[in-house]
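Worksheet for the structure shown next.
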Amino acid sequence: MASFVTRRLIAAFFVLLAATFLMYMLVALSGDPLEELRQGNAPNKQQLMDSLSMRLNLDVPPFLRYFLWLGGVGQCFVGQCDFGVNVQGLPVLTLLEQAMGSTLQLVTGAQIIAIVVGLIVGITTALRQYSGYDYSITFASFLFFSLPIFWVAVLLKQYIAIGFNNWLADPLIGVPVVIGISIVSGLLWMSFLGGAAKRRLVTLGVATASTAAMLVYFELTNWFTTPNVGIVGVAVTAIAAALGVTAISVGLANKHAVRGALVTAVVGIALYYPMTYFVFPGMNLPLFLALAVGAIIGGGVIGYFFGGRDRWQSARTSAIVAFIIGAVIALEGFLMYWNAYFNSTRINGRPIATIGSATPNLGGNFWIQGIDTFTHLLLPTIAIILISFASLTRYTRASMLEVMNQDYIRTARSKGLTQRTVVVRHALRNALIPISTVIALDIGALIGGAVITETVFGWSGMGQLFLEGLRHIDPNPVMAFFVVTGLLAVVFNLVADLLYASLDPRIRVS
Amino acid sequence: MSELNSALQVPPSDGGSADETTIEQRQTVGLSQGQIVRKRFFHHKGAVISIIVLAFVIVLAYSSVGLHMFGISIPGWWQWHWNATPPLINRGVPTLNLIPGPGFGIGPHPFGQDQIGKDIFALVMRGAQQSIMIMVLVGAVGTGLGVLIGSLAGFYRGIGDALLMRFTDVIITIPFLVIGAVVGRAVGGFGAPVLGLFLGLFAWTGLARLVRGEFLSLREREFVDAARVSGASDKRIIFKHILPNSVGVIIVSATLLMAGAILAETALSFLGFGVQSPDTSLGVIVSENQAAFATRPWLFWWPGVFIIVIALTVNFIGDGLRDAFDPRQKKMPSPKALAKALARRAHATRTPK
Amino acid sequence: MTRLVTQSIPTISVDDSSPLLQIRDLEVGFTTQYGVVPAVRGVSLTLYAGQTLAIVGESGSGKTTTAQAIINLLAGTGRVTAGQILFQGRDLTALTATEMQGVRGSQIGYVPQDPMSNLNPVWNIGFQVEEAIKANSDLRGKALRARTVEVLQEAGLSDAEDRLKQYPHQFSGGMRQRVLIGIGLSSRPKLLIADEPTSALDVTVQRQILDHLGTLTRDYGTSVLFITHDLGLAAERAEQLVVMYKGKIVESGPSQQILANPKHPYTQRLVAAAPSLASKRIQAKKHDEAADIYSSGGTDTALIDRAAIREELAPSGDLITVQGVSKMYRIRTKGLKYTELLAVNDVSFGIKKGTTSAIVGESGSGKSTVAKLILQLESLTSGSIAFDGTDVAGLKGKELLKFRRRVQPVFQDPYGSLDPQYNVGNTIAEPLLAHNIGSRRERQARVLELLDQVSLPAATQFRYPSELSGGQRQRIAIARALALKPDVLVLDEAVSALDVLVQGQILNLLTELQTELELTYLFITHDLAVVRLVADNVCVMQKGRIVEAASTDDVFDNPQQAYTQELLAAIPGGDFEFGR
């Protein structure tokens, strides 16, 4: 194991070395860094050119310049990274740190959502192969797969941001819109849940009616100007979460688990007022995270206590329920400050941002800052999800179908296991082996993959660093970008292998 | 034949396998593998529609504004050149009107005009030409190199294989978009064909790994052993046995490579590292006109729609081909190898974000 | 084979109690893009408590489909289109999915066919047994663990407790099959469906496992529905027999009666062709007068005559001499270390011209490696192989080509050994082309001649392997091997993937060709029955060594080594009396 990792790391090191050399030569040969100055007509042109030449060692041929650069980067091993300076003379290391923070903020949430949604949709399409739902998702994923993101971004800005902001000024939903949205939502739920003809009709009816009821309720209570969840909303979602999660994870036949989940829900509901009145005004990030962890542990304990025969199953269920209720109550926290954010002079009634990563000089507490981050992340996140979702869904579907045809699935059925157990414990568990590899490689490509998204949404992240560097034939920022992305790619390739070995007992790394 | 056989004649000799197979077989009697593949492909509605649409787009693009490259210049049937600046008609609003009644028809500027009067239809057609050419070039060069490198590595194994694969590792470490941008920065000004060729030089890695894997598994198959003991040379085994049996994998991934290539090219051109003005491509048109979305949305819609149509049809054709070659009929590689190959393919052809 | 036959099956009755399982006019169809394809057509059978009933048939006969239909485990698009499956009076075809879950495992156990693919590779053995017990009982915690160990011990894994945490890939095929039997019986079901539970295993392992299964089911009073392609096995293990052909039952009744007096022509041929049953007779009567077991008569006399001719013709010198041959594989274990595996250990034997020699052994005995060494597909570690007086070990280039013209292989897998992109004509012509023999026209003529030799119509040359059955493909593989007019054919498990009837045809073809073309055969096989049918000399291999080598008659009538005796004893149905 250790020798495997060492060997792989050594191999990766040499691969990376070769790749950086190739990259350095390509960048150096792609143009002349002095071109811009030479064509400009600054009075001290020659002096500027000379100093730039000095800073970037342009008098050294590229082949040798690479080793100068490598010498600086090599000092990372002794904790003294030197990525050189850019054309303006700023140290690249500082730029790199800022860029990475910004990019990570952009891609982390999007990637997590894309993975969760992609997995769920992939699994459900595999289980309902050749249904209308399957065909629609297949078509949609092909479409998403073929979308140029720079083009979609413009559409998102126009319709989601500008359009929605305009609408928020006078939030009125017309009757035809209510009917339209309700029917569409009903159809989506029907195709998603599937089942026999009768069950489908029931789903359609219930989903359509409840969507319509919700929209009318929003309209009548002026919800969009004073958004809130309310104790009723929390109660309804809590009970629904308790029943829903139990049904999916262990089945409603397990009375112990149902009881545990419901008690968790009741505890959550009881905590609503204390939280919103006493805890939320003084919220900060560590406390927020601690509360999230607390909710999961609390739920787990309740579930374990009520567990009956299969305590851990029940504990797991209740922990998930507690997390969902916690999220809903946290949502209420954000909504409480929505108006303050909405009406602040910086926002001025146009909350959804089209560009940048934060509203400058906004101020405000944890919640206001949170909302601001959210409104800035919304559009780029949608864009990233649309595209990552497509490939992951297709891959999950293929992998699930492959596994569902295996003999051991039939054997599992012959034992008298429930369909849910067979799908989750035998099919999904095995399908996850290749899927996890793909996800690991995806994550490895994350930072380098968001170049275009960053550009169109004006985030000054890694993409910006790379593109600006390339535009000015400024090798150091470009190389800094590449060292990070290359390193991630190589490391996550190794992670993918190790993950594979840990998930599949047949593989022993040696 | 012998007595034994005649005695056993009541069930048809060498009785068939499962009934399902027999039905399947009945459908394909006397057809070569190629014919079976073609037949299956034409069962895939999405792929067939896609072929028709793509062919239409290609014919439209090349016939309308004519062929202009390498000094050859064949005029097309469309009245405007993409760089001509006729006077603005009605602010440049598209004149295409498919609603029967007054004004029905394509009009002088079906896709509208930009602010200085350039005809968007001509511009989009020229852009589509360039984007399609780059797509095909990247596909051809990438596939050619990938097959060459992959088959050499997979067939001869040993040190050559190790070296080639490490070389592949090096190239694959650099995201395609990144290397594309660097290459585009260097050669984008030399025109679309040169850009396509150079992008292709870095697009072969995924395919090389796939072909290598295919070769490694095929060379262990019994029919290859059988060919070897009947005296076939390496050349014959590669070209007559292994390669024809890898054709499915190669064609499918070449198609997906092309779908990825058009998105990569348009993205690069959008960023300014692809095709350079005064030449144009679909990405360049979107890039130049994105600010005008609020006032002249047609400047933005048409090139985008053409990118999507081309990428979508190519993707669907790839899917149809995959179904047609039906990998389930083949011996599967090990789950691990398969997962890695698929992951890499997904990566190689993924839309750059 | 009309409906009438099916319906006129006499009802089997052991006692007066109502049957445990009763299938009435069952029809199962698979939906394909060309419509619904029937796989089971009007099957009726009855099984009483404590009884064992075997369904026998070749692949595609619908026997597995019938079994899977009982607990609704049909693959893909299959479903029951008509008929009833009454289990303790309840119609299983009318159950909901949830009700069926209650029946599976607890009421009806299932032992699947292939032990290699039927255990989930990512869960340990203990877990997979445990979940089966858990799904059908209230046992939890320590009691559950204890029961798991008990189940595995009952299934014959004595060290079960230590092996709970091990994964399927750490178990041998036989052990995995024991685990699967344990799972199938874990909840003491009333009925156990065993679908070819041992066909993937070596013959000695097969015997142990079936003995064990028999003991268990007898102890628990479990009824067994036994699915097999092997008539001998069925006869030995089941009281009742149902013979299926193309989705229909052609004959059913008590095993002894059917074997002694098969009525339907298909059953008659099956009884006649089953090598496991017939082999003893055929060789025993080799020099006797014309008594034979083939209903049609004459066949074995033909074989015998040819054998006699071969013996007369055989010159004294060996065509192939294998002298002290060893083959070592180096298996990389950790880092740069290797372990050495001696696949073939100091093996010596000779093959006389015009004779048939067989190498017999179980999987892992090294028999296939010997074949590869002789074919020069692998290099020797030590020893020498001489062909017609010349050492072939170091042959290169032209010399090697020349050698290959004279020694040709026929491989086991009729699906893998033909290039799917080549039509039959090109496949057969390939060796001629590779050796640059003849003009186009001459090659074409030779292809037709070869097709005729292997009894395939000339039109076959335009067809593709995917259109052909296993037996037809194997004929083509033989034709290709014969194209260069070789002296020796190395047949590596060349008939073991085929159904019994087809197997008989191919063996017959081979012996016929042998006399016609004066061929020398080297058979590599695990199947002693096949050996007895065709071989003159036998080498029994075990763990890389030859443990016994003698003429076929000597080996079968008077086995010297314990291992050989064990192998012979394990042949199913060996002790049975068969009708003609």
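The values are calculated or read from the model by the stated rules, or taken from the named source; none is laboratory data. Source: prediction; values computed, not measured. Ideal geometry is used to build each Cβ from the backbone, glycine not excepted, and the neighbour counts take in all protein chains shown. Please note that ligands, DNA and RNA were not included when accessible areas were found on the heavy atoms of the full protein model with its side chains. Shrake-Rupley method; radii C 1.70, N 1.55, O 1.52, S 1.80 Å.
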Review point. Which Cα, out of C:507, A:292, C:107, lies furthest along the positive dipole direction of the protein assembly as shown (beta carbon charges, K/R +1, D/E -1)?
Key: A:292
Review point. Hey, rough spin-label estimate for residue C:31 and residue A:223, points 7 angstrom out along Cα→Cβ, what's it come to in nanometres?
Key: 3.9
Review point. Helix A:462-471 versus the longest principal axis of chain A: what angle, 0 to 90°, nearest 10, using Cα atoms?
Key: 30
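Just check segment B:191-277 against the gyration tensor rule for me: Cα atoms, a ≥ b ≥ c as the square roots of the eigenvalues, rounded for a/c under 1.5, and otherwise prolate or oblate depending on whether a/b exceeds b/c. Walk me through the intermediate numbers first.
Numbers: a/c = 4.43, a/b = 3.24, b/c = 1.37.
It is prolate, given that a/c is not under 1.5 and a/b is the larger ratio.
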Practice item. Report, by chain and number, residues whose modeled amide H sits under 5 Å from the one on residue C:82, excluding near sequence neighbours (fewer than 5 apart, same chain). Key: C:27
Revision key, fill the gap. Taking placed amide H atoms and a strict 5 Å upper bound, the residues 5 or more places from residue C:55 or on another chain that come that close are C:226, C:227, C:228, C:242
Point to revise | Shape call, segment C:141-187: gyration tensor on alpha carbons, a/c limit 1.5 | key: oblate
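Summing +1 for each Lys or Arg and -1 for each Asp or Glu, what net charge is found among the other residues whose Cβ lies under 15 Å from the Cβ of residue A:195? Write out the running numbers ahead of the final one.
Working: positive: A:128, A:198, A:199, A:200, A:420; negative: A:134.
Result for the neighbourhood of residue A:195: +4.
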Point to revise | Surface accessible to a 1.4 Å probe, residue B:69 within the full protein complex, Å² | key: 50
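Would you mind working out the magnitude of the charge dipole of the protein assembly as shown relative to its Cα centre, with +1 at each Lys and Arg C-beta and -1 at each Asp and Glu C-beta, to the nearest 20 Debye?
In total the dipole reaches around 2080 debye.
If r is the Cβ-Cβ distance from residue A:297 to residue C:215 and R0 is 60 Å, what FRET efficiency results, to the nearest 0.05?
Working: r = 52 Å, r/R0 = 0.86.
So the FRET efficiency works out to roughly 0.70.
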Review point. Over all Cα pairs of segment B:42-325, how is the pair count split among 10 Å bins, expressed in % and running from 0 up to the last occupied bin?
Key: 7, 24, 28, 21, 11, 6, 2, 0
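When only DSSP loop residues count, what trypsin sites (Lys or Arg not before Pro) in segment B:109-159 have their Cβ near at most 16 other Cβ atoms within 10 Å?
Here the trypsin sites (Lys or Arg not before Pro) that fit, given the DSSP loop and packing criteria, are B:157.
Charges only on Cβ, +1 for Lys and Arg, -1 for Asp and Glu: so what's the dipole of segment A:199-340 about the Cα centre, in debye to the nearest 20? Could the numbers behind the result be given before it?
Values: 7 positive and 3 negative charges, 121 e Å.
The calculated dipole for segment A:199-340 is roughly 580 debye.
Just add up the charged neighbours of residue A:362: K/R +1, D/E -1, any other residue whose Cβ is under 15 Å from the Cβ of residue A:362. Let's see the in-between values first.
Details: positive: A:346, A:350; negative: A:372.
So the surrounding residues net to +1.
Just add up the charged neighbours of residue C:255: K/R +1, D/E -1, any other residue whose Cβ is under 9 Å from the Cβ of residue C:255. Intermediate results must be reported in sequence, preceding the final value.
Values: positive: C:237; negative: C:236, C:239.
Around residue C:255, the surrounding residues sum to -1.
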**Study point:** For segment C:429-490 and segment C:202-254, distance of Cα centres in Å
**Key:** 40
Study note, to complete from the structure: From highest to lowest solvent-accessible area (probe 1.4 Å; ligands, DNA and RNA excluded), A:504, B:234 read B:234, A:504
Check your understanding: Amide H neighbours of residue B:191 under 5 Å, counting only residues 5+ apart in sequence or on other chains, H built in-plane at 1.01 Å?
Key -> B:276
Revision key, fill the gap. Segment B:57-89 and segment C:359-378 have their Cα centres apart by a whole-number Å value of 69
**Study point:** Fraction of antiparallel bridges per DSSP, the protein assembly as shown only, in percent to nearest 5
**Key:** 60
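Name the shape class, rounded, prolate or oblate, that the alpha-carbon gyration tensor gives for segment A:273-418, where a ≥ b ≥ c are the square roots of its eigenvalues, rounded holds for a/c under 1.5, and otherwise prolate holds if a/b is larger than b/c and oblate otherwise.
Working: a/c = 4.26, a/b = 1.50, b/c = 2.83.
Here segment A:273-418 falls in the oblate category.
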Exercise for review: Before rounding to the nearest 500, sum -39500 (n - 2.57) across all DSSP H runs of length at least 4 in chain C and divide by the residue total; then give [θ] at 222 nm in deg cm²/dmol.
Suggested key: -11500 deg cm²/dmol
Review point. Using the beta-carbon distance between residue C:565 and residue C:323 and R0 = 22 Å, what value does 1/(1 + (r/R0)^6) give for FRET efficiency, to the nearest 0.05?
Key: 0.20
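Can you give me the Kirkwood hydrodynamic radius for segment C:19-273, using every pair of distinct Cα atoms, in Å to one decimal? Intermediate values should be presented prior to the final figure.
On the way: mean 1/r = 0.0534 Å⁻¹.
About 18.7 Å for segment C:19-273.
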Revision key, fill the gap. Order by accessible surface, 1.4 Å probe, largest leading, for residues B:143, C:381 comes to C:381, B:143
**Study point:** Of A:151, A:202, A:344, farthest towards positive along the dipole that unit charges on Lys, Arg, Asp, Glu beta carbons give chain A
**Key:** A:202
Review point. Under a point-charge model restricted to the Cβ atoms of Lys and Arg (+1) and Asp and Glu (-1), what is the dipole moment magnitude of segment C:19-273 relative to its Cα centre, in debye to the nearest 20?
Key: 340
Point to revise | log10 of Debye I(q)/I(0), alpha-carbon scatterers only, for the protein assembly as shown at 0.04, 0.07 Å⁻¹ | key: -0.32, -0.95
Exercise for review: On a 0 to 90° scale, report how tilted helix A:366-404 is relative to the longest principal axis of chain A, with both axes built from alpha carbons and the result rounded to the nearest 10.
Suggested key: 80
Check your understanding: By how many degrees, 0 to 90 and rounded to 10, does the Cα axis of helix A:45-55 deviate from the longest principal axis of chain A?
Key -> 70
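In segment C:19-273, what percentage of the DSSP-assigned beta bridges are antiparallel, given to the nearest 5? Write down the numbers at each step before the final one.
Details: 26 of 45 bridges.
Of all bridge pairs located within segment C:19-273, approximately 60 percent are antiparallel.
Which entries of B:240/C:485; A:415/C:367; C:190/C:263; C:134/C:248; C:327/C:353; C:353/C:398 show an alpha-carbon separation above 29 angstrom in the structure shown? Display every interim value, and only then the final one.
Working: B:240/C:485 23 Å; A:415/C:367 38 Å; C:190/C:263 32 Å; C:134/C:248 38 Å; C:327/C:353 25 Å; C:353/C:398 24 Å.
In this structure, A:415/C:367; C:190/C:263; C:134/C:248 exceed 29 Å between Cα atoms.
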